[in-house]
Amino acid sequence: MSTATMTGPVISAWSAVSPYGIGAQALVDGLRLRRTTSAPMDTERWRVPPGEAHPVPGFEVREVLGKKGTRSMDRVTGLAVTTAGRLLEQPDADRAQETGERAALVLGTTSGSVASMMDFTRSSLTAARPFEVDPAQMPNAVMNCAAGQCAIWYGIKGPNTTLAGGRTAGLAALNYATRLLRSGHAESVLCGAAEEFSSARYWLEHHSRGAGTREQALGEGCAMLLVQPAHARSPHRPVLAEVLAVTSRVATGSRLRETLTACVRAALDTSGLTPGEVWAACPSEAPGPAGAVERQVVASVVGEEALAKVPALSTLGDLSAASGAFQIAMMLATAADDRDAAGRIGLATSVDRDGSLCCAVLRLAAS
């Protein structure tokens with residue numbers, strides 16, 4: 001399908017900071033070689049038991065972004081700011097269109113930086129007086145700190161939104177981005193999701209997993225997509241995919257299987273597609289029974305063959321809120337290497353343990 005026949009929002013660029021390294025090319029190369037990203041946890045630094053994790057190798061905020069404006073920047077903000085910068089600094093970027101008054105930013109998260117929130121709360125409890133806290137740490141304890149810093153660093157002056165959606169946050173951010181474009185509130189949207197590795201996150205995940213749920217090694221990173229109207233995108237940015245639909249549901253009690261099935265079918269119906277037209281499907285691989293049900297549902301709707309096209313998200317560890325953004329980035333990276341993917345349909349699902357569900361359907365670029 002040519003850009004002339006596209007009517008929905010399109011993804012025209014992406015970048016990532018992942019356990020494979022910094023930048024889109026690091027993710028592309030890692031996926032091609034199917035390299036492992038697992039590494040022993042630094043127990044002294046993170047104050048966690050021995051085990052494996054999937055960190056961004058060598059990522060230190062001040063070393064990557066420089067010392068100016070980063071003295072008190074936390075890890076999740078550093079990941080987001082770095083990813084936004086890598087996308088906006090690509091050779092074919094159009095900064096006049098992708099930043100400024102008509103550019104928006106939407107960032108998905110679980111709850112911002114839980115490490116910053118816990119550190120700030122702890123200082124109010126351990127200091128001689130509750131108000132004797134470091135004021136420089138206060139902005140980090142606010143959920144929208146990362147999105148705000150991205151806007152400040154790069155001059156994105158349109159709507160700035162943070163969505164706390166757990167594992168569904170990445171796809172929810174994509175849905176919100178398309179709504180901003182369709183309603184005329186922005187002409188270009190940088191959207192994605194971020195998750196950091198920290199001692200606080202490790203212990204929260206450790207203690208909140210349900211009985212019988214196997215612990216999955218934590219990953220971290222940020223992936224961002226540039227979403228624009230097909231007719232208004234920069235001529236220097238090639239269309240990578242058209243966003244056909246993003247649907248959501250909430251599963252209560254034991255209704256996960258039927259609710260997710262309805263969510264996936266609704267996304268396909270909205271797109272005017274049949275299940276047999278799906279070339280690749282990428283589930284979020286939620287830990288525990290929910291992840292197993294998610295895979296079974298997707299396989300039952302679109303077939304096992306579609307699930308084999310894109311490398312498993314678990315290659316990067318448990319990315320939690322960043323999952324959906326990485327699912328799409330990995331799908332785009334895989335499609336770029338596969339001639340059979342041209343003009344085909346990609347589907348991504350997300351399942352969070354609180355019952356929230358999302359499904360996105362994309363039409364990949366024809367060439």
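For this structure, a couple of remarks:
- Once C-alpha pairs closer than 8 Å and six or more residues apart are averaged by separation and normalised to the residue number of segment 193-257, the relative contact order reads 35 percent.
- For the pair THR274 and ARG257 in one chain, pulling the backbone fully straight at 0.36 nm per residue adds 4.2 nm over the alpha carbon distance.
- Packing, as the average of other Cβ atoms within 10 Å across residues, places the peptides 170-183, 56-69, 92-105 in the order 170-183, 92-105, 56-69, highest first.
- From phi via Karplus (6.51, -1.76, 1.60), per-residue ³J(HN,Hα) for segment 163-179 in Hz, x at Gly/Pro: 10, 8, x, x, 5, 8, 4, x, 6, 5, 5, 4, 4, 5, 4, 5, 5
- Portion, in percent, of the accessible area of the chain that falls on carbon or sulfur, probe 1.4 Å: 52
- Highest-first arrangement of 331-338, 184-191, where packing means the average Cβ count within 10 Å: 184-191, 331-338
- The residues of the chain expose on average 42 square angstrom of accessible surface per residue, using a 1.4 Å probe on protein heavy atoms.
- Full-extension gain in nm, ARG47 to GLU63, via 0.36 nm per residue minus C-alpha separation: 3.5 nm
- Between amide H atoms placed 1.01 Å from N, distances below 5 Å from ALA241 occur with ILE11, ALA365, all of them 5 or more places distant or on a separate chain.
- The magnitude of the dipole of segment 155-219, with charges of +1 and -1 set on the Cβ of Lys/Arg and Asp/Glu and taken from the Cα centre, is near 180 debye.
- Sorted peptide list for 267-279, 157-169, criterion being average Cβ within 10 angstrom, highest first: 157-169, 267-279
- Integer Hz, Karplus 6.51/-1.76/1.60 couplings in order for segment 92-108, x for Gly and Pro: 9, 5, 10, 4, 5, 8, 8, 10, x, 5, 9, 9, 10, 9, 10, 10, x
- Farthest positive-ward along the chain dipole, Cα basis, beta-carbon charges - from GLY69, LEU181, SER356: LEU181
- LEU163 long-range amide H proximity, modeled H, under 5 Å: LEU107, GLY108, THR109
- Under the convention that each Lys and Arg Cβ holds +1 and each Asp and Glu Cβ holds -1, the size of the dipole of segment 191-339 around its Cα centre is about 260 debye.
- Computed [θ] at 222 nm, deg cm²/dmol, the chain (DSSP H ≥ 4; -39,500 (n - 2.57); rounded to nearest 500): -10500 deg cm²/dmol
- Test item: Cα-centred dipole of segment 296-367, Lys/Arg +1 and Asp/Glu -1 on Cβ, debye: 200
- Structure-derived mean projected area of the Cα convex hull in nm² - corresponding label in (i) 20.5; (ii) 18.2; (iii) 24.5: (ii)
- Extension gain for ILE152 to THR126 (0.36 nm times residue separation, less C-alpha to C-alpha distance): 6.1 nm.
- Amide H partners (placed H, <5 Å) of TRP14, local residues excluded: LEU226
- The residue among VAL227, PRO275, VAL264 whose Cα reaches farthest toward the positive pole of the charge dipole of segment 213-367, with charges on the beta-carbon of Lys, Arg, Asp and Glu, is VAL227.
- In sequence order, calculated HN-Hα J values of segment 346-363 (Karplus, 6.51, -1.76, 1.60; Hz; x Gly/Pro): x, 9, 10, 10, 9, 10, 9, 5, 7, x, 6, 9, 9, 9, 10, 10, 10, 9
The values are calculated or read from the model by the stated rules, or taken from the named source; none is laboratory data. None of the values given here were measured: they were computed from a predicted structure. Counting neighbours? That spans all protein chains shown, and the Cβs are built from the backbone with ideal geometry, glycine included. SASA here: full protein model, heavy atoms, side chains in, ligands and nucleic acids out. Shrake-Rupley method; radii C 1.70, N 1.55, O 1.52, S 1.80 Å.
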